[in-house]
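Asks: Here it is: the structure, laid out below.
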Amino acid sequence: MRISQRAQRVEPFYVMELAKAAADMAAGARPGDRPMITLNIGEPDFTAPPLVQLAAERAIRDGRSQYTAATGLPALRRAISGWYAARFGLDIDPGRIVVTAGASAALQLACLALIEAGDEVLMPDPSYPCNRQFVQAAEGKAVLVPSGPAERFQLSAAHVEAAWTPATRGVLLASPSNPTGTSIARDELERIARFVRERGGVTLVDEIYLGLSYEDAYGHSALGLPEGLGDDVISINSFSKYFNMTGWRLGWLVLPPALVPVVERLAQNLFICASTIAQHSALACFEPESLAEYERRRAEFKARRDYFIPELNRLGLAVPVMPDGAFYAWADVSGLCDRWAIPPQGARADEGGSWALAFELMKRCQLATTPGRDFGNTDPGRYLRFSTANSMAQLREAVARLEAAL
């Protein structure tokens, strides 16, 4: 059977490959062995709060499971608009909001609507690997621009200007970012959006971790940029991270008005609609009781960050930039690789460096992490991603195991 070149160009998602290896190792454990601590998957350890679960039960019991409009339930679009107003002080017309089958579908729809074959889209290196695959699936080309600690691992306006070519269609940013948990400073984001507008390009911003922001200097939606720049932005968001509904597969787009019918037509053909049960359930996310619970959980994620990052630094696994959002630690593990005589990553990405270290940590510490291989091409063997989406007790045990192994 002939496999399409398009499919062959899509690389494995190595986060999941490591997860399978960790699961196999845990399954082979003997009685009395220490259990595996999973700090590798970017999934909240919290699940949907009680009101959301009850809303799902009611929707099923009442038979509210027929298709919705491709743009989503009108009530849910209004509720999302209300959240922007209450949380960010933004007046977002519900008509600009399109509910999707997760942020993945949102990104796919945006890329299909905007990218032609051969178009280049600038992205920071490091960045979430699936984002560049969506660009590639639309026959575009993701151009990874090295972005180090000095830029908070984010694109800068200077980066964008230097990398822009006649083939460039726009930028795809993430703020806060996976894998670094860092956001783009508001003034820098404004400079980027203004430059892209002047070039007639598009600014896509992955904001799925925006609800999990911890610093007043950040946590501002790109939709609120001044001088109408926010009106140009395509924002991608999700019920997975802040709202703790990963497997419910529900997200949304905020689009310039002219793009809404284009994306609606694509969604009608590719997805029909997002899960109706999930949409009815998500209405309960915006009840005061649910929002209070989400804020309590956000405070817990911040407390985990405030404990874990200093401990990694103390142990010599330096985190060059303190994450201001999400639940990740992007740690420089080159010193630990030297200490354990792990050679630097060579020509093959699956040899040496943080890739080999991840397997050593599974063997020595029963600790599952994610190597930098997934997230870019600039020195991926130097960095390891830890997810703090686990209990404080598990994080303390992970630190104890690391300290003992060191």
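Asks: So, in segment 61-77, how many residues would count as being open to solvent by 30 Å² or more (accessible area, probe 1.4 Å) and not in a helix (DSSP H, G or I)? Let's see the steps before the verdict.
Replies: Residues of segment 61-77 that are open to solvent by 30 Å² or more (accessible area, probe 1.4 Å), as a first pass: 61-67, 69, 74-75, 77.
Checking the rest, the ones that are also not in a helix (DSSP H, G or I) come to 62-67, 69.
Qualifying residue count for the region: 7.
Asks: Could you pull out the residue among G32, G118 that is within 30 Å of E397 (Cα to Cα), out of contact with any helix residue (DSSP H, G or I) (no Cβ under 9 Å at 6 or more places or on another chain) and either among the β-branched types (V, I, T) or open to solvent by 30 Å² or more (accessible area, probe 1.4 Å) (or both)? Before the answer, list the steps.
Replies: On the way: G118 fails: within 30 Å of E397 (Cα to Cα).
Just a single option satisfies the conditions, and that option is G32.
Asks: Mind telling me which of the residues T68, T38 ends up being touching a Leu at 6+ places or on another chain (Cβ under 9 Å) and over 30 Å from A368 (Cβ atoms)?
Replies: Working: T38 fails: over 30 Å from A368 (Cβ atoms).
Of T68, T38, the one residue that is touching a Leu at 6+ places or on another chain (Cβ under 9 Å) and over 30 Å from A368 (Cβ atoms) is T68.
Asks: Identify all residues within segment 153-185 that are among the small types (G, A, S), open to solvent by less than 10 Å² (accessible area, probe 1.4 Å) and either in contact with a Gly (Cβ under 7 Å, 6 or more places away or on another chain) or in a helix (DSSP H, G or I) (or both); write none if there are none. Please lay out each step first, then the result.
Replies: From segment 153-185, those among the small types (G, A, S) are 156-158, 162-163, 167, 170, 174-175, 177, 181, 183, 185; that's our starting set.
Add one more test, that the residue is open to solvent by less than 10 Å² (accessible area, probe 1.4 Å), and what stays is 170, 177, 181, 183.
Within segment 153-185, G170, G181, S183 meet the criteria.
Asks: I'm trying to understand the selection: among the residues of segment 42-56, which are part of a loop (DSSP other than H, G, I, E, B) and either small (G, A, S) or open to solvent by 60 Å² or more (accessible area, probe 1.4 Å) (or both)? Show your work before the answer.
Replies: Taking segment 42-56 and keeping what is part of a loop (DSSP other than H, G, I, E, B), we get 42-49.
Correct list: G42, E43, D45, T47, A48.
Asks: Oh, and also: Within segment 279-323, which residues are small (G, A, S), over 18 Å from E43 (Cα atoms) and without any contact (Cβ under 8 Å) to a residue 40 or more places away in the chain?
Replies: Listed by number, the residues that qualify are A292, A318.
Asks: Among A284, A292, A303, A356, which is in a helix (DSSP H, G or I), at pLDDT 95 or above, of a type in the set (A, V, I, L, M, F, W, C) and more than 25 Å from A217 (Cβ to Cβ)? Even if it seems obvious, please write down each step before you answer.
Replies: Numbers: A292 fails: more than 25 Å from A217 (Cβ to Cβ); A303 fails: more than 25 Å from A217 (Cβ to Cβ); A356 fails: at pLDDT 95 or above.
Sole residue among the options that is in a helix (DSSP H, G or I), at pLDDT 95 or above, of a type in the set (A, V, I, L, M, F, W, C) and more than 25 Å from A217 (Cβ to Cβ): A284.
Asks: Tell me which residues, restricted to segment 251-283, are closer than 11 Å to A70 by Cα and surrounded by 22 or more Cβ atoms within 10 Å (Cβ to Cβ). Before you say what the answer is, go through the steps one by one.
Replies: First, the residues of segment 251-283 that are closer than 11 Å to A70 by Cα: 260-261, 263-276.
The answer is V263, A267, A274.
This table checks each residue for (1) of a type in the set (A, V, I, L, M, F, W, C); (2) at negative phi; (3) not in a helix (DSSP H, G or I).
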site: D187; (1), (2), (3): no, yes, no
site: V205; (1), (2), (3): yes, yes, yes
site: Y218; (1), (2), (3): no, yes, yes
site: G230; (1), (2), (3): no, yes, no
site: A258; (1), (2), (3): yes, yes, no
site: N269; (1), (2), (3): no, yes, no
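Asks: Out of segment 121-141, which residues are part of a strand (DSSP E or B) and surrounded by fewer than 20 Cβ atoms within 10 Å (Cβ to Cβ)?
Replies: Kept after step one, since they are part of a strand (DSSP E or B), are these residues of segment 121-141: 121-125, 141.
Answer for segment 121-141, where residues must be part of a strand (DSSP E or B) and surrounded by fewer than 20 Cβ atoms within 10 Å (Cβ to Cβ): just K141.
Asks: Moving on to the next point. Please name all residue pairs, on different chains or six or more residues apart, with Cβ atoms under 8 Å, provided the first residue is in segment 2-27 and is of a type in the set (S, T, Y) and the second residue is part of a helix (DSSP H, G or I).
Replies: Cβ pairs passing all conditions: Y14/P129; Y14/R373; Y14/D374.
Asks: Can you work out which of the residues in segment 364-379 that are within 15 Å of T180 (Cα to Cα) and part of a helix (DSSP H, G or I) is nearest to the chain's Cα centre (by Cα)?
Replies: F375
Asks: In segment 78-98, what residues are closer than 21 Å to L259 by Cβ, of a type outside the set (S, T, N, Q) and either open to solvent by 50 Å² or more (accessible area, probe 1.4 Å) or free of Cβ contacts under 8 Å to residues at least 24 places away in the same chain (or both)?
Replies: R78, D91, D93, P94
Asks: How many of the residues in segment 152-193 are without any contact (Cβ under 8 Å) to a residue 24 or more places away in the chain and over 20 Å from G228 (Cβ atoms)?
Replies: Here the count works out to 3.
The values are calculated or read from the model by the stated rules, or taken from the named source; none is laboratory data. Quick caveat: nothing in here was measured; it's all calculated off a predicted structure. Glycine gets a Cβ as well: all are built from the backbone with ideal geometry, and neighbour counts include every protein chain shown. Keep in mind that these areas ignore ligands, DNA and RNA; they rest on the heavy atoms of the full protein, side chains included. Shrake-Rupley method; radii C 1.70, N 1.55, O 1.52, S 1.80 Å.
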